[in-house]
Amino acid sequence: QEAIDLSDADKVVKDKDLVQRLESTVIRWTRQIKELVNLQDNSQDAETAGPLNEINFWNERTIDLSGIREQLHDPRVLRIAELLKIVKSTYVKPFEELSAIIHEGSNEAEDNLKFLSCLKPVCEELESSTPPEVGDLLPKVLKIIRMIWTISTHYKKKERLAGLLRKVSNQIMSRCCAYIPLDGVFKKEGDVNFSVNCLNDCIACGNVWREEYKKTKRAIAKAKNVENWDFPESS
């Protein structure tokens, strides 16, 4: 919207007021990008968050970061950064550093989403299954998680893998909680035996989860050149 043609570098660098306005623009961009980079989705780290929360987080992250990345490729944006380099502005370096973080973060988000999308169908089944049905799905869940851990770039990190497994545990616990009828526990007219049977189904589901995890861990231990795949005790 400036009257001066930004393609004429000589005129731009001589106009101190224009340079200040360009710097103000870059400062605003830098602040906005920094807010996005530091943005955390608290729901995906919540104690009750499930694997679908993780997938949704990376889907939204991909949309946000890819949108910013496209804007950073705008020729006008690149030109302003180039002009501020010519005048040796101190504001252009932080802007370019954050731009690099956006590019890196966008690539990471896209990569994570690509692999986690393989997990989405079975997790959607998991979300609506009863504990006996959950047990049948867990081998498939762990097979896909193992594939993600083996092939993906960013889920090789122990804390990220543990976080994903913890969310699967959360989903299992959620299905178990929804499965047990509390009337049989707290009300005289409730069917105690039915509630006890449901509780036993939930215990069996938890045992299947533990055993399938151990089976997957043993299979990984037999593979060559892999690191220990520990699951946090707290989970």
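The values are calculated or read from the model by the stated rules, or taken from the named source; none is laboratory data. Everything quoted here is computed from the prediction, not taken from an experiment. Note that each Cβ is placed from the backbone with ideal geometry, even for glycine, and that neighbours are counted across all protein chains shown. Ligands, DNA and RNA are excluded from the accessible area calculation, which covers all protein heavy atoms including side chains. Shrake-Rupley method; radii C 1.70, N 1.55, O 1.52, S 1.80 Å.
In terms of accessible area, using a 1.4 Å probe and ignoring ligands and nucleic acids, GLU54, GLU35 rank largest first as GLU35, GLU54.
Across the protein chains, with a 1.4 Å probe defining accessible surface, the residues ASP10, ASP111 rank ASP10, ASP111 from largest area downward.
How large is the helix-only mean residue ellipticity at 222 nm for the chain, computed as the sum of -39500 (n - 2.57) over DSSP H runs with n ≥ 4, divided by its residue count, in deg cm²/dmol to the nearest 500? Intermediate values should be presented prior to the final figure.
Values: 10 runs with 173 residues, N = 235.
Calculated at 222 nm, the ellipticity per residue is -25000 deg cm²/dmol.
With protein chains left intact and a 1.4 Å probe, residues in the stretch 109-188 average 51 Å² of accessible area per residue.
Principal semi-axes of the equivalent ellipsoid, √(5λ) from the alpha carbon gyration tensor of the chain, are 52, 21, 12 Å from largest down.
In the structure shown, do any of LYS120/LYS158; LYS14/LYS34; LYS167/LYS222; LYS114/LYS158; LYS14/LYS85; LYS120/LYS167 have a Cα-Cα gap over 23 Å, and if so which? Can you show the working numbers first?
Working: LYS120/LYS158 21 Å; LYS14/LYS34 30 Å; LYS167/LYS222 26 Å; LYS114/LYS158 19 Å; LYS14/LYS85 14 Å; LYS120/LYS167 13 Å.
Violating the 23 Å limit, Cα to Cα: LYS14/LYS34; LYS167/LYS222.
Estimated at the nearest 10 Å², the accessible area of MET147 is 60 Å² with a 1.4 Å probe.
Mean-square fluctuations from a GNM of the chain, with a 10 angstrom spring cutoff on Cα atoms, peak among ALA178, ALA49, ALA162 at ALA178.
Of VAL92, VAL37, the order by accessible heavy-atom surface (1.4 Å probe, DNA, RNA and ligands excluded), from most exposed downward, is VAL37, VAL92. Other residues with beta-carbon under 12 Å from the beta-carbon of GLU104 carry, at +1 per Lys or Arg and -1 per Asp or Glu, a net charge of -3. Surface composition of the chain: carbon and sulfur atoms hold 52% of the protein heavy-atom accessible area at a 1.4 Å probe.
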